[in-house]
1. Select from segment 252-270 the residues that are more than 17 Å from residue 45 (Cα to Cα) and buried (at least 19 other Cβ atoms within 10 Å of the Cβ) and list them in ascending order.
2. Would you check if there is a residue in segment 321-338 being closer than 28 Å to residue 121 by Cα, modelled with pLDDT of 85 or more and assigned to a loop (DSSP other than H, G, I, E, B)?
3. Please work out if residue 85 is over 18 Å from residue 223 (Cα atoms), polar (S, T, N, Q) and touching a residue at least 12 places away in the same chain (Cβ under 8 Å).
4. Suppose we keep only residues that are modelled with pLDDT under 90, surrounded by fewer than 24 Cβ atoms within 10 Å (Cβ to Cβ) and touching a Gly at 6+ places or on another chain (Cβ under 9 Å) within segment 418-449. Which one would you say is nearest to residue 367 (Cα to Cα)?
5. Looking only at segment 508-520, how many residues end up being surrounded by fewer than 24 Cβ atoms within 10 Å (Cβ to Cβ) and in contact with a helix residue (DSSP H, G or I) (Cβ under 7 Å, 6 or more places away or on another chain)?
6. Out of (1) assigned to a helix (DSSP H, G or I); (2) closer than 15 Å to residue 321 by Cβ; (3) more than 26 Å from the chain's Cα centre (by Cα); (4) not charged (D, E, K, R), the odd one out for residue 142 is which?
7. Within segment 111-143, can you find the residues that are without any contact (Cβ under 8 Å) to a residue 24 or more places away in the chain and farther than 23 Å from residue 229 by Cβ?
8. Looking at segment 401-418, is at least one residue assigned by TED's automatic domain parsing to the domain that holds residue 524 and free of Cβ contacts under 8 Å to residues at least 12 places away in the same chain?
Amino acid sequence: MAAELLGAAVRTPVKQKSDPSALFGHVALALIALFLIVFLAFPLFSILQQAVQDKEGGFNGLANFIAYAQTPSLLESVWNSLWVSALVTVIAVPLAFGFAYALARSCMPFKALLRGITLVPLLAPSLLAAISLIYWFGNQGVLKNTLQSLGIDQIYGAPGIVIAEVFAVFPHAMMILVTALSMADARLYEAANAMGTSAARKFFTITLPGAKYGLISAALVVFTLVMTDFGIPKVIGGNFNMLATDVFKLVIGQQDFARGSVVAILLLSPAVLSFVVDRYLSRRQTAMLSARAVPYTPTRSTGFDAVMTLYCALIVALIFAVLGMAVFASFAKFWPYQLTPSLQHYVLGLVDAEVGAGFINSLKVATGTAVFGTALVFAGAYLLEKTQGADVLRGPVKMLAMLPMAVPGLVLGLGYIFFFNAPGNPLGGLYHTVTLLTLCTIVHFYTTGQLTAVTALKGLDAEFEAVSASLKVPFYVTFWRVTLPICTPALVDIARYFFINAMTTISAVVFLYSPETKVASIAILNLDEAGEMGAAAAMAVLIGLVSTVATLFFWALSTYVNRRTQAWKR
């Protein structure tokens, strides 16, 4: 009888409109919507508004776009961005696929160590690779003559951008492809083996089709990241112009907001196109693992495992070469004449150039982004997934929560200039503050945190909320005592993601800082412009070190959290 009553309670529709706790949830969802409208939709609308106005603020339609199309140097930047992004994609995705294939389909040793090393570039600003390449192949580089023997006059320009971008985007592509290759049904390979299918045919008829969606997603991600990256072209691009550097020159150098907005919209276009294509493909993607699927377990093959180990060792050696040169150059006293170890570049950066204050600001922004960003995205995801009612808000909030994935950081930062620096804006006091830098960073990386939180929440049975409602338990009590403890590991992952990206991002905040609120990643750009390459390398290494320490902290926190809140899994 008790079980029947409980079942009836679970099946009974809950009328949350008359419940005060439901009203609280609706108000909270409205506040989330208001935040996304003010700090995402309005800045993006401001860019569109600037693009169709003349210098006096009057409407001029497509005149700015036509003027841009009639400027040969600016059109050259469009072509440069397109072909460089395509070339990096063609190079990086196959390299990452080979590494991911070795991790998923071979029995080579030290898999965890090798995979961890490939993720190290994520802990430092992307421009660290550009600085390292200058020390390797620049005018006073160690291998300058080797570069010229290959028919490349100098590393500055397209060659340096392509090599540095491959280094920077490799971890992103590799993570996507490892996931794609891990979703394999061993029964397909067993059937192929029974029919005597060759290894090459199995690769082209089973492996590649199964990883097709992952390959396309990796290509879209890599292409978009290169198109919108600012740090690498700024440091090593020389006179080779790209869209990302054009935005900076037009807005900061020439104060040409109209054409800067046009370029921002052009930068937004490939990101939006990639996002739409990815959404379309994800709907057409069929499940690779059915309920009867058997997980694929690689079998030991001495020759194949040796080849895969050699390949991965080569990739790791190249990563160490880039990272190691940056570390070595940061300690070299006077490159290339006096290479004795010295801390003068660290002193120059932290004390003389006052980058120490920038590190404090970076830590403030990163901590604020991790704490408030995690709370915001998880609250928003919970209100969307685990509450009912307020249907008029749910669609717009879901759309706005996914929009930052398609908005490059440069575009978002430019929108913040136009919106928060506009005369008469009551929020104008936030401009040039650490608070605005934090809010911009939260919005920039909002989508990934949202998707992580939604994934964790979807793993919880809806009967938790149904039973609580039937027992007249407010939803926030269930949230605090059931949902939050179970989802704590996901919260730690979201906080780590926010912190690391806030420490290393450049494009999202390059337009928003003041001398008092300059962050460390921006200070590296300033040191590079001043010709202090050694100090710039030292500061990039320090950012990587801080990110590494933070990663270890979050790993320890995750271990502690799992022990305290996930005992039910054991």
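1. Within segment 252-270, the first condition is being more than 17 Å from residue 45 (Cα to Cα), and the residues that meet it are 252-256, 270.
The answer is 270, and nothing else.
2. Checked segment 321-338: at least one residue is closer than 28 Å to residue 121 by Cα, modelled with pLDDT of 85 or more and assigned to a loop (DSSP other than H, G, I, E, B).
3. On the way: over 18 Å from residue 223 (Cα atoms): no; polar (S, T, N, Q): yes; touching a residue at least 12 places away in the same chain (Cβ under 8 Å): yes.
For residue 85, the condition - over 18 Å from residue 223 (Cα atoms), polar (S, T, N, Q) and touching a residue at least 12 places away in the same chain (Cβ under 8 Å) - is not met.
4. 421
5. Here is the first cut: in segment 508-520, the ones surrounded by fewer than 24 Cβ atoms within 10 Å (Cβ to Cβ) are 511, 513-518.
Checking the rest, the ones that are also in contact with a helix residue (DSSP H, G or I) (Cβ under 7 Å, 6 or more places away or on another chain) come to 511, 513, 517-518.
Selection size over segment 508-520: 4.
6. (1)
7. Answer for segment 111-143, where residues must be without any contact (Cβ under 8 Å) to a residue 24 or more places away in the chain and farther than 23 Å from residue 229 by Cβ: 111, 112, 113, 116, 139, 143.
8. no
The values are calculated or read from the model by the stated rules, or taken from the named source; none is laboratory data. From a predicted model like this one, the values you see are computed outputs, not experimental measurements. All Cβ positions, even for glycine, are placed from backbone atoms using ideal geometry, and neighbour counts span all protein chains on display.
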